[in-house]
Amino acid sequence: MVSKVHPSAGVYPNEVDMSARATAASTSIVATVGEASQGEVGKVIDVFDREDLRQKFGIPNAQKYGFALYCAEQALAQTRNLKFIRVVSKDALTAGAYFTVDDPTALIPEVRLTVFDDGTNVPLGVYDPINTLGFVATQPGVDQAVCYFAAANPGVWNDRISIKVRPSNPAGVPVQDEQHYNPHQFYVDVYLDFKNANSRPLETFFVSRKYELNGDGGQMFIEDAINNFSAYIRVKNNPLCPAIKVKKEAFEFLKGGADGTRPTEAMLIKAWEEYSDAEIIDVNILMNSGYTTPALQRYITTMSERRADCLAVLDMPDAEFEAARAVNYVGNTLNVNSSYGAIYTPWLQIRDTYNDKSIFIPPSGHVCAAMAYTDKDR
């Protein structure tokens with residue numbers, strides 16, 4: 001019989017490739033700097049998807065925090081490798097509260113939580129309290145300050161936090177019965193948007209003011225137990241306060257957090273310096289995220305040249321999108337001619353579902369997404 005494919009008789013080999021291949025994965029690593037409503041300050045934070053971005057840095061708001069989070073969301077549509085540094089001004093304040101005791105030697109000491117204030121009982125946060133606020137031996141009443149709690153990072157979001165300190169006695173065991181529990185160990189509960197007594201804490205920590213292990217072998221020292229694991233608060237113990245027995249509850253709403261003024265160009269450039277060493281930080285795209293001052297854009301491009309392993313994706317200022325103005329901006333205002341940088345225009349309209357309106361955002365996020373898509377699929 002003559003084959004319809006091969007008109008003459010013979011042997012015709014046909015190879016079928018049955019080998020398995022891994023799905024293409026993007027190697028685009030995007031780095032950016034910007035503002036956000038919450039999140040660690042001044043540190044390179046790895047973000048893996050849009051939900052992770054929202055959990056770590058909050059909801060975007062162009063009017064308050066610029067466009068960095070919008071650009072990051074666009075890039076994360078096509079890559080799972082994004083690095084973000086949050087920048088704040090010195091007037092961005094962190095709310096907190098002192099945990100104090102009236103008489104450490106009392107049989108059942110009176111304890112309370114008192115928010116940071118301005119000296120006249122008006123709540124007022126502190127700039128970077130964990131690194132700037134300590135305990136001084138000559139300060140009156142320092143031996144009555146057990147510790148202080150503070151929000152994990154600055155911003156008005158701090159005012160959503162509530163903290164409860166409570167005894168560790170098991171249910172049915174009176175606080176006076178010290179034979180069946182250790183009164184020097186206690187619980188710290190952390191609430192977000194506390195409503196009433198039925199509200200459940202988002203975090204609970206079983207802690208001690210000395211170095212000791214719990215039944216699972218974990219460290220109970222209050223600073224280690226909370227600072228290493230809490231998403232919402234930090235604590236500093238006061239070594240000048242003697243050991244106390246926690247036999248009563250204390251509860252407080254944090255107040256006094258502040259976003260502060262918008263960071264300056266110098267602050268943003270200082271943050272970009274974190275990406276300067278190619279041996280420490282692995283990135284290949286530097287995303288401008290809408291900060292379109294010439295000095296900042298020149299710095300990002302120069303950093304790309306020095307690293308020699310990445311591309312600066314810059315945004316044309318929104319007012320310069322027309323062809324003649326764009327050419328003038330690049331050639332005269334920006335005055336950069338480099339194969340390590342590229343500038344894009346125009347700005348793109350999106351639907352801001354968080355704030356229920358349409359806005360124009362810088363194109364760098366979309367451009368980074370397109371690069372990551374090509375890297376992944378082509």
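Go from 0 up to the bin containing the longest alpha carbon distance in the stretch 292-377, width 10 Å each, and give me the % of pairs per bin.
Histogramming the stretch 292-377 at 10 Å steps yields 17, 42, 31, 10, 0 percent.
Please build a GNM for the chain, connecting alpha carbons under 10 Å apart, and tell me which residue among Gln55, Gln219, Gln179 fluctuates the most.
Gln179
Mind telling me which of Glu279, Glu252, Glu265 comes out most flexible in a GNM of the chain, alpha-carbon contacts under 10 Å?
It is Glu279.
Per residue, how large is the accessible surface of the chain? Use a 1.4 angstrom probe and give square angstrom.
52
Sticking to Cα atoms, compute the Rg of the stretch 193-347 to one decimal and its Dmax as the biggest Cα-Cα distance, whole number, in Å.
Spelled out, the Cα radius of gyration and Dmax of the stretch 193-347 are 25.0, 74 Å.
In degrees, nearest 10, range 0 to 90: what is the angle between the Cα axis of helix 294-307 and the longest Cα principal axis of the chain?
80
Place a +1 charge on the Cβ of each Lys and Arg in the chain and a -1 charge on the Cβ of each Asp and Glu, then give the dipole magnitude about the Cα centre in debye, rounded to the nearest 20. It would help to have the intermediate numbers written out before the result.
Numbers: 35 positive and 46 negative charges, 93 e Å.
That gives the chain a dipole magnitude of about 440 debye.
Under the √(5λ) rule applied to the eigenvalues of the Cα gyration tensor, what semi-axes describe the equivalent ellipsoid of the chain? Give them in Å, descending. Can you show the working numbers first?
Working: eigenvalues 529, 183, 64 Å².
Taking √(5λ) for each eigenvalue gives 51, 30, 18 Å, largest first.
Kindly provide the Kirkwood hydrodynamic radius of the stretch 202-251 in Å, to one decimal, from all pairs of distinct alpha carbon atoms.
Details: mean 1/r = 0.0834 Å⁻¹.
About 12.0 Å for the stretch 202-251.
Return the carbon/sulfur percentage of the accessible area of the chain, one whole number, probe 1.4 Å, all protein chains in place.
Details: 10170 of 19660 Å².
Summing carbon and sulfur atoms, their accessible area is 52 percent of the total for the chain.
Under 20 Å from a point 7 Å along the Cα-to-Cβ line of Glu322: which residues of the stretch 288-309 have their amide N that close?
Under cut-off, by backbone N: nothing.
Using the Cα atoms as the points, what is the convex hull volume per residue of the stretch 63-206 in Å³? Intermediate values should be presented prior to the final figure.
Details: hull volume 28.3 nm³, N = 144.
In the stretch 63-206, the Cα convex hull volume per residue is 196 Å³.
Please compute the length gained on full extension between Asp193 and Lys64, using 0.36 nm multiplied by the number of residues separating them and subtracting their Cα-Cα distance.
Numbers: separation 129, 0.36 × 129 = 46.44 nm, distance 2.16 nm.
So the extension gain works out to 44.3 nm.
Could you tell me how far the Cα centroid of the stretch 129-198 sits from the Cα centroid of the stretch 51-113, in Å?
That distance is 19 Å.
Under a GNM of the chain (C-alpha, springs under 10 Å), which listed residue has the highest mean-square fluctuation: Gly290, Gly96, Gly217?
Gly217
Do the alpha carbons of any pairs in Lys164/Lys248; Lys210/Lys245; Lys90/Lys195; Lys83/Lys270 sit beyond 22 Å of each other, and which pairs? Provide the component values of the computation, followed by the final result.
Values: Lys164/Lys248 11 Å; Lys210/Lys245 13 Å; Lys90/Lys195 32 Å; Lys83/Lys270 16 Å.
Those over the limit are Lys90/Lys195.
Under a point spin-label approximation (7 Å from Cα along Cα-to-Cβ), what is the Ser89-Gln139 distance to one decimal in nm?
2.7
The values are calculated or read from the model by the stated rules, or taken from the named source; none is laboratory data. If you're wondering where the values come from, they're calculated on a predicted model, not measured in any experiment. Glycine also receives a Cβ, built like all others from the backbone with ideal geometry; neighbour counts cover every protein chain displayed. Side chains are part of the model used for accessible areas, which takes the heavy atoms of the whole protein and leaves out ligands, DNA and RNA. Shrake-Rupley method; radii C 1.70, N 1.55, O 1.52, S 1.80 Å.
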